[in-house]
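Structure first, commentary second.
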Amino acid sequence: MSSGSGSSDRFFLLRWIGWASEASGYISGILIFASTLIICYAVLLRALGFSTVWQTELTVYLLMFVTFIGGAYGLKHDEHVNVDLLINRLPVRAASFLKLVAALLSLVVIAVVAWRSGMMWLEAAEKGWRSGTAWNAPLAYPYAILPIGMALIALQYVAIMVDLVRDLLTGEGRERSPEEEERARAEKARIQGL
């Protein structure tokens, strides 16, 4: 295999990770809409005097999916919760290095959560655990959400780390966007105003 092919394969993998993260976000958006419809349906049933069996439980499972599997989308677009007070004040290269360390530490935590939740899912699947509610859904399905979500987030962290290492090695560090510059200026002005 030529080095060009290896490079192409690596970039294909990064593109695939990006696509999977994007897909997780769009699927999560659809599931938020579906959850809304299910809740409206349940409210209508109750208003008409009927009982509901599966609606609330399914909505909880769908929102778990949105939270954990959709997390890769938020990470890809840097829309997760972060504290960037220090990062915004550093030169681009130093900020990239600090982001790389943070991504590596986060990847370790994500890997532990993925492993432990995967073990719990496997036990639920092997033993046939059920929810114990009126619907009595098999728990293997909702328990699969967390390890799958953590795997997607871990892959997105790998893609982020590859980009950061590439930036550090080439010295090209990504410049801040105008929005990032504006946030940094506003934060600096807020701190100076204290």
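The values are calculated or read from the model by the stated rules, or taken from the named source; none is laboratory data. Just so it is clear, the model here is predicted, and its values are computed rather than measured. Backbone-built Cβ (ideal geometry, glycine too); neighbour counts: all protein chains shown. Accessible surface areas use protein heavy atoms only, side chains included; no ligands, DNA or RNA. Shrake-Rupley method; radii C 1.70, N 1.55, O 1.52, S 1.80 Å.
Below is a table of values for the structure above.
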| item | result |
| --- | --- |
| Over region 88-156: Rg over Rh, Cα atoms, Kirkwood Rh | 1.26 |
| Rounded tilt (10° steps) of 140-170 against the dominant C-alpha axis of the chain | 10 degrees |
| Within the accessible area of the chain (1.4 Å probe), percent carbon and sulfur | 68 percent |
| Cα-based Rg and Dmax for region 1-112, where Dmax is the largest Cα-Cα distance (Å) | 20.6, 69 |
| Computed label-point distance, nm, for sites Glu22 and Glu123 using a 7 Å Cα→Cβ extension | 3.9 nm |
| Cα convex hull of the chain, projected area averaged across orientations, nm² | 16.3 nm² |
| In degrees, nearest ten, helix 178-193 long axis to first principal axis of the chain (Cα) | 90 degrees |
| Placed amide H near Arg130: partners under 5 Å, 5+ positions off or other chain | Leu139 |
| Per residue, the convex hull volume that the Cα atoms of region 9-64 enclose (Å³) | 56 Å³ |
| Karplus 3J(HN,Hα) series, Hz, for region 44-56 with 6.51 cos²θ - 1.76 cosθ + 1.60 (x for Gly, Pro) | 4, 4, 5, 5, 8, x, 8, 8, 10, 10, 10, 4, 5 |
| Extended-chain gain in nm, criterion 0.36 nm per residue less alpha-carbon gap, Arg185 and Leu37 | 49.1 nm |
| Helix-only CD estimate at 222 nm, as mean residue ellipticity for the chain, using -39500 (n - 2.57) per DSSP H run (n ≥ 4) | -27000 deg cm²/dmol |
